Amino acid sequence: MIRTGLFLAPLLLAGACVSEGHPHHNNDVRPPPGSNQMLRAPITISEDLEVVVSDVVIPADATVPRHFHPGEEFIYVIEGSAIHVEDGKPDQVLRAGDAYVIPPEAEHAPRGGPVGARAIVFRVHKDGLPERINMGDNGPLPNFKDLSLRSSESDLADLREKIEGRADAHCHAMASPAVMCHVANGREVYTFTEAGNRAHPSALFRGFVVSGDGRSQLQERGWSAAEDAAAQAFFASVRMWPDTGREP
């Protein structure tokens, strides 16, 4: 733990310059609970990095759902205190004036102290990646808003045949009746149910797709010809994530 915020001073000043044109907020007004994004901008000395600056407020005794970020997270606590809970490390109390660095993809679930906490947070990651990925007991939680649950059995069979037929496909059986296939050097992951799975036939995709402007965007898609509740339960249970450490 670092008991000074001096190393963040240049970043704070730089953020103030970059965000010219944004309204100046009254410092006496406390933002609402949660992660309040203040700035998101490319890092001009890098072709594929961006920075996200947030004013994070955690209420007293509240726990932030377990999650991770695809890049590094730099924290400077400005008010109150929080218990930092990170996988593989002992719990740590961060108080006003403390600074802390969370490595990429480290799962954590901070908890607000007796009076809550407020921190300025800088996140640096590859352009196009999501700011955070929420985690459940069995892996990343799918965003059901982006999942289309309706598909035909024949379409799902055709998709599986196409993916398994690719020269770069690496497929393996899962504990539940399903098969997971990694393609595009791990940048795309497909999972297909098999007979005996309540959600059969269903398929789930997580991977990086090049958008119209040429940027690589993380996307998630699901298809199923099974009953909706069974399909959603299957999607939520699958622990699969594309390789965030490689170029698209």
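The values are calculated or read from the model by the stated rules, or taken from the named source; none is laboratory data. Worth saying up front: this structure is predicted, and the values here are computed from it rather than measured. Reconstructed Cβ throughout: ideal geometry from the backbone, glycine too, with neighbour counts over all protein chains shown.
Scanning segment 73-128 for residues that are under 30 Å from Val209 (Cβ atoms) and small (Gly, Ala, Ser), which turns out surrounded by the most Cβ atoms within 10 Å (Cβ to Cβ)?
Filtering segment 73-128 down to residues under 30 Å from Val209 (Cβ atoms) leaves 73-74, 87, 102-109, 121-128.
Now restrict to residues that are small (Gly, Ala, Ser): 106, 109, 128.
Working: Ala106: 15, Ala109: 15, Gly128: 19.
Out of the qualifying residues, it is Gly128.
Can you give me the number of residues within segment 28-48 that are touching a strand residue (DSSP E or B) at 6+ places or on another chain (Cβ under 6 Å) and not small (Gly, Ala, Ser)?
Count: 10.
Of the residues in segment 173-195, how many are within 13 Å of Arg206 (Cβ to Cβ) and among the small types (Gly, Ala, Ser)? Break it down stepwise before answering.
We begin by selecting, within segment 173-195, every residue within 13 Å of Arg206 (Cβ to Cβ); these are 180-184, 186-191.
Now restrict to residues that are among the small types (Gly, Ala, Ser): 184, 186.
Residues in segment 173-195 being within 13 Å of Arg206 (Cβ to Cβ) and among the small types (Gly, Ala, Ser): 2 in total.
Could you tell me which numbered condition Glu47 fails, if it satisfies all but one of (1) assigned to a loop (DSSP other than H, G, I, E, B); (2) more than 23 Å from the chain's Cα centre (by Cα); (3) modelled with pLDDT under 85?
Result: Glu47 fails condition (2) only.
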